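The values are calculated or read from the model by the stated rules, or taken from the named source; none is laboratory data. Since the model is a prediction, treat every value here as computed from it, not as a measurement. Here Cβ is always computed from backbone atoms with ideal geometry, including for glycine, and neighbour counts include all displayed protein chains.
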């Protein structure tokens, strides 16, 4: 088969690789229907996160099961499935508590930008749809694999409640789907922080009631002004930089919560300063598997259309252009079709 390999900063290649095969009896092999480029893929692409050898890429996926190991019971060949970017057994104490990305047997999925994919721990990782979905639903179903599940977790971690005020820091795909998630959870006022007109438009379509273009201390001051000096009840941090984290904490009222899902790079917190904010922090790699059944049902029922975050669709063999477009902010998120 062919798949995506990152050789170094801005050096993405689509080339021949060995076909995946069943290694453990709990594995499944799926034929990819769709994959995509994740915002977190841009960290190593830009050289911020160093790689030391050619590295297969991709962790968001959906497709049709080709083959399963002898111990796989609930997943069958021919089913259309979506899975989390972390494989999990879904039975260990951490999984049972709803934190499958901390599964005691977790494995990170890293080779999904390809024609076929081996998924470990298939019974615990994959969720099958009741029947093969229509073509128009594929983009939205793909988002449940990571980007929607991550935005949803940000809202859960920020303790979004009906009738409350929520702020979303970050206007990438995760932030935009954080807006959608907050809307689904009943927030009354939803403030998206964005400087890009196309992303502002989509944020409003997903439920944002207000747009704030300021950043950093100016952004915090603007949020405080809009909330009569109080701050927001819930803030979603969807970037992962020092500025975005401090902006998120600064926008939050005493007793409010920050849900942080942006992969942190260079983030350092002053413990004493944080101590006096009375702000709750919760986040980490989103336990997407916990939310997959609900999110898939929301998509299949037509209640949400998160696939609108894909504003560029390319054949998988043009994956390098997909990375460039996102790196240069010409695209919010690139959908890849084998």
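A few remarks follow.
- For residue 139, the requirement of being outside any strand (DSSP E or B), over 17 Å from the mean Cα position of the chain (by Cα) and surrounded by fewer than 23 Cβ atoms within 10 Å (Cβ to Cβ) is not met.
A quick yes/no check of all residues on (1) over 21 Å from residue 60 (Cβ atoms); (2) under 18 Å from the mean Cα position of the chain (by Cα); (3) modelled with pLDDT of 95 or more; (4) surrounded by fewer than 24 Cβ atoms within 10 Å (Cβ to Cβ):
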site: 170; (1), (2), (3), (4): no, yes, yes, no
site: 173; (1), (2), (3), (4): no, yes, yes, no
site: 184; (1), (2), (3), (4): no, yes, yes, yes
site: 201; (1), (2), (3), (4): yes, no, yes, yes
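- Unmet requirement for residue 175, which otherwise passes all of (1) outside the structural domain of residue 249 (by TED's automatic domain parsing); (2) in contact with a strand residue (DSSP E or B) (Cβ under 7 Å, 6 or more places away or on another chain); (3) closer than 20 Å to residue 334 by Cβ: (1)
- From 64, 37, 68, 72, residue being buried (at least 24 other Cβ atoms within 10 Å of the Cβ), in contact (Cβ under 8 Å) with a residue 12 or more places away in the chain and more than 14 Å from residue 113 (Cα to Cα): 68
- Against the numbered list (1) buried (at least 22 other Cβ atoms within 10 Å of the Cβ); (2) modelled with pLDDT of 95 or more, residue 14 comes up short only at (1).
- Number of the condition not met by residue 149 [criteria: (1) within 27 Å of residue 319 (Cβ to Cβ); (2) buried (at least 18 other Cβ atoms within 10 Å of the Cβ); (3) in contact with a strand residue (DSSP E or B) (Cβ under 9 Å, 6 or more places away or on another chain)]: (3)
- Which numbered condition residue 311 fails, given (1) out of contact with any helix residue (DSSP H, G or I) (no Cβ under 6 Å at 6 or more places or on another chain); (2) more than 20 Å from residue 207 (Cα to Cα): (2)
- Test set (1) within 25 Å of residue 300 (Cα to Cα); (2) in a strand (DSSP E or B) - residue 118 fails condition number: (1)
- Summed over the stretch 1-48, the residues that are part of a strand (DSSP E or B) and more than 18 Å from the chain's Cα centre (by Cα) give a count of 19.
- Residue tally, condition closer than 14 Å to residue 152 by Cα and outside any helix (DSSP H, G or I), over the stretch 288-304: 1
- Annotation for the stretch 91-99: at least one member residue is out of contact with any strand residue (DSSP E or B) (no Cβ under 8 Å at 6 or more places or on another chain), crowded, with 22+ Cβ neighbours inside 10 Å and modelled with pLDDT of 95 or more.
- Listed by position, the strands (runs of 3 or more DSSP E) enclosed by the stretch 162-269 that each have at least 2 residues that are without any contact (Cβ under 8 Å) to a residue 40 or more places away in the chain, under 25 Å from residue 311 (Cβ atoms) and in contact with a helix residue (DSSP H, G or I) (Cβ under 8 Å, 6 or more places away or on another chain) are 189-193, 210-212.
- No other residue among 279, 299, 267 is at negative phi, more than 22 Å from the chain's Cα centre (by Cα) and surrounded by 15 or more Cβ atoms within 10 Å (Cβ to Cβ) apart from 279.
- In the stretch 104-115 there is at least one residue that is surrounded by fewer than 22 Cβ atoms within 10 Å (Cβ to Cβ), in a strand (DSSP E or B), in contact (Cβ under 8 Å) with a residue 24 or more places away in the chain and not assigned by TED's automatic domain parsing to the domain that holds residue 201.
- The requirement of being under 15 Å from the mean Cα position of the chain (by Cα), surrounded by 15 or more Cβ atoms within 10 Å (Cβ to Cβ), closer than 16 Å to residue 82 by Cα and touching a residue at least 40 places away in the same chain (Cβ under 8 Å) is fulfilled somewhere in the stretch 326-338, by at least one residue.
- Here residue 50 fulfils each of the conditions (1) within 19 Å of residue 146 (Cα to Cα); (2) free of Cβ contacts under 8 Å to residues at least 12 places away in the same chain apart from (1).
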